[in-house]
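The values are calculated or read from the model by the stated rules, or taken from the named source; none is laboratory data. For clarity, every value in this text was computed on a predicted model and none was experimentally measured. Please note: Cβ atoms are built from the backbone with ideal geometry, for glycine as well, and neighbour counts cover all protein chains shown.
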């Protein structure tokens with residue numbers, strides 16, 4: 001039997017919340033481009049993707065505090081900037097008719113870039129070397 005301590009449980013729950021937030025954001029992104037009516041598209045963005053991004057940001061912030069990681073790390077700043085740009089692209093896309101493949105590719109590409117930053121975690125030191 002594996003014994004999980006309280007700090008480890010907190011870490012795992014925050015990690016899970018962040019993962020759920022990313023899934024919600026990705027699902028809302030895809031749903032906003034698959035949905036046929038403008039009302040469904042807006043609902044996908046504002047009721048699924050946006051809360052998913054907020055959950056991801058809050059869980060990520062709490063993880064950085066728990067792990068004592070500065071918010072000025074390259075991968076954290078990049079993740080915040082690119083996720084915000086992805087969200088803005090997504091919001092902009094639901095105000096336009098018709099949907100364009102370019103806006104979907106931009107929003108999805110920025111999300112992919114955020115995921116790459118979250119996984120590989122480049123630092124400022126890695127740029128200089």
| query | Is there any pair with a first residue in the stretch 35-52 that is on the phi < 0 side of the Ramachandran plot and touching a residue at least 12 places away in the same chain (Cβ under 8 Å) and a second that is surrounded by 14 or more Cβ atoms within 10 Å (Cβ to Cβ) and in a loop (DSSP other than H, G, I, E, B) whose Cβ atoms are under 6 Å apart and which are 6 or more apart or on different chains, and what are they? | reply | 41/35; 44/35
| query | Among the candidates 62, 53, which residue alone is within 22 Å of residue 104 (Cβ to Cβ), within 17 Å of the chain's Cα centre (by Cα), at pLDDT 95 or above and surrounded by 14 or more Cβ atoms within 10 Å (Cβ to Cβ)? | reply | 53
| Among (1) in a helix (DSSP H, G or I); (2) at pLDDT below 95; (3) surrounded by 14 or more Cβ atoms within 10 Å (Cβ to Cβ) - the single one residue 99 does not satisfy | (1)
